[in-house]
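As structure tokens, the structure follows; a few thoughts come after it.
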Amino acid sequence: MPVGIFRVCLVVITAIVNHPLLFPRENGTVPENTEEIIQKMKEREESLRLEQLRLEQEIADQEATQKTLEKAAEVVEESKEEKVRWDMWTALSMIIFLLIELWRQDFQEGIWQDTGGEEDDMAVLGKAFKGVAFPDKAVLASFYEKRILGTTGDMARMREMVEGFADDLLEALRSVCNRDADMEVEDCMGVGSMYENWRVRKPFVCDLIVPFAPPEPYCFRSQTWCSGNSFPPDEQGYGTIKVCRANEDVTGCICDKTKLGEDMLCLLHSQANTTRPSSEMEDLLCFKNTQYLDADQVMKWFQIAVTKAWNRISHKYEFDLCFSLLDSPGALKIKFKSGKSIAFNLTPVVQYENSDVYFISHFPRSSLAADLPSSTHWFLTFAVYERRFIQLVSKTLPANACHVSCLQILSFLHGKQCSLTGPSGLTNYHLKTVMLHLLQARPSQDWAPEKLEARLQDMLKFLEKCLHEKKLYHFFIGNGKVPAELGFPIIFQRAEPLNLFRPFVLRRAVYRKTVDTFHEMLRNTSALINEYTVHIPLAHANGIHKESL
């Protein structure tokens, strides 16, 4: 025990003796002052403070981020709820739209029979008919006999002469064309008023269409506005024609739509089967750098070919042939040495698939006709089916039916009025469309010859109604009641009805002029008809009426 205490005391004494502050050594590194230590302590404190601020800032940022994420989650949740509500409204709107569309289509389908089902439907005259003195049956019969019937024989002789010359001209055209490179021209067909026997205005003009096809191994692939792809409203009634190889897939190979690698080869299309260079495609009358048939190029080729053909056969005829109108590339005129002339239109067309619908390269201009969207857009003509429909319905009508007489009188009145007050937006095609609608809507017995006056008034009332509504639908497009005997393509029956008066909506000045001309024609009807009518006693007129009909 005493030894332990002694050792502790020794250790304490040793520690005290060796303390540097009590007995500083000569070699010691004791600081001369405490300022340096204090400065280092301040620097350390400052660094700790900055570190604390940094950590606090990071914590604040993390909290802000967390709040932002929470708000974003709330917004997403709200948007999901809003989207659900919006989807419900969208679905409801679509259902309402579909119901309206179905109702509208049903209503338009009903147009074909609503236009004249009951006598009472057409009995209400519009404002334009108030105060109009309409000619009676005797006056109309006398007028028709004096002014209309006399032209029938002239039309028949002219048709025969023009058709014979056109066949000879096209035969010469085939002989001057290169069969391996030029288009192949088929026989011409007569269409329009001259071949439907209702043309009344002179000069008489025959309308002939000439189908043509590309040389082998090429063919035409057509696409219309109602074939499934979306067309803007101003392109309805048009289509495009693509020049393809006969063995080329309609839908096209994937090699045309995808860039193949340099070491990859399409097994379906060899190098020998590739599309012709652009210069050769232009030789096929296509628009520059495309495969689409160009209507302007076609008309230039056709004019040159007709000129060459005429030079080959001109020595056989004792008349001259020339192009008569600059704005109608297919308009030709035969000039006799006596000074007389005969005009006719020879227009190239392309057949739509295997039907008698044709893409026409040029349509005669009218004040209502709009310019083509481009030279690769072709208008479709249903003239062949229109002629067949008139012939088919005529077989079911009474003898000497008045449908053609009504159209002839209406065409005469409109032509005379336009010669007095200037052209309007109405054309003879619009008048014929009115007759076609009424032919389908009214029973056969309503077209008996003694009902000429009533049916003529019906056509005028129907036309007035269409002008008021700015709606006159194409007879064939969208008409599901076309007789099956015609073999009319179903794609056009199921298409949206085409409004021939749609340009009136956009061109108000033309519409106003057309309406004014129509009203003026109604007021002048009696005067225009009486001018060409022999004034005879009523009893005698009735006798003439019975004999002529």
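The values are calculated or read from the model by the stated rules, or taken from the named source; none is laboratory data. Predicted, not measured: the structure shown is a model, and the values here were computed from it. Every residue, glycine as well, gets a Cβ built from its backbone with ideal geometry; the counts of neighbours run over all protein chains shown. Remember, those area values only see protein heavy atoms, side chains included, never the ligands or the DNA or RNA. Shrake-Rupley method; radii C 1.70, N 1.55, O 1.52, S 1.80 Å.
For residue 206, the conditions (1) closer than 24 Å to residue 361 by Cβ; (2) modelled with pLDDT under 90; (3) within 29 Å of the chain's Cα centre (by Cα); (4) open to solvent by less than 40 Å² (accessible area, probe 1.4 Å) are fulfilled apart from (2). Of the set (1) of a type in the set (Val, Ile, Thr); (2) closer than 27 Å to residue 173 by Cβ; (3) modelled with pLDDT under 90, all apply to residue 258 but (2). Annotation note: Cβ proximity below 6 Å between a residue of region 202-219 that is closer than 30 Å to residue 342 by Cβ and touching a residue at least 60 places away in the same chain (Cβ under 8 Å) and a residue that is assigned to a loop (DSSP other than H, G, I, E, B) and not aromatic (Phe, Trp, Tyr) (sequence gap 6+ or interchain) occurs for 207/192; 208/188; 210/188; 211/186; 212/183. Filtering region 281-315 to residues that are charged (D, E, K, R) and without any contact (Cβ under 8 Å) to a residue 60 or more places away in the chain leaves 282, 288, 300. Of all residues in region 450-482, how many are part of a helix (DSSP H, G or I) and of a type outside the set (A, V, I, L, M, F, W, C)? Here the count works out to 11. Checking the structure you have, find out if any residue of region 487-499 is farther than 26 Å from residue 351 by Cα, in contact (Cβ under 8 Å) with a residue 12 or more places away in the chain, open to solvent by 20 Å² or more (accessible area, probe 1.4 Å) and among the hydrophobic types (A, V, I, L, M, F, W, C). Among the residues of region 487-499, not one is farther than 26 Å from residue 351 by Cα, in contact (Cβ under 8 Å) with a residue 12 or more places away in the chain, open to solvent by 20 Å² or more (accessible area, probe 1.4 Å) and among the hydrophobic types (A, V, I, L, M, F, W, C), which makes the answer no. Just one of the numbered conditions (1) in contact with a Ser or Thr (Cβ under 9 Å, 6 or more places away or on another chain); (2) open to solvent by 10 Å² or more (accessible area, probe 1.4 Å); (3) closer than 23 Å to residue 421 by Cα is not true of residue 461: (1). Taken over region 403-419, the criterion of being free of Cβ contacts under 8 Å to residues at least 60 places away in the same chain and surrounded by fewer than 21 Cβ atoms within 10 Å (Cβ to Cβ) is satisfied by 419 alone.
When 328, 278 are checked against the criterion of being at pLDDT below 90 and loosely packed, with under 14 Cβ neighbours inside 10 Å, a single residue qualifies: 278.
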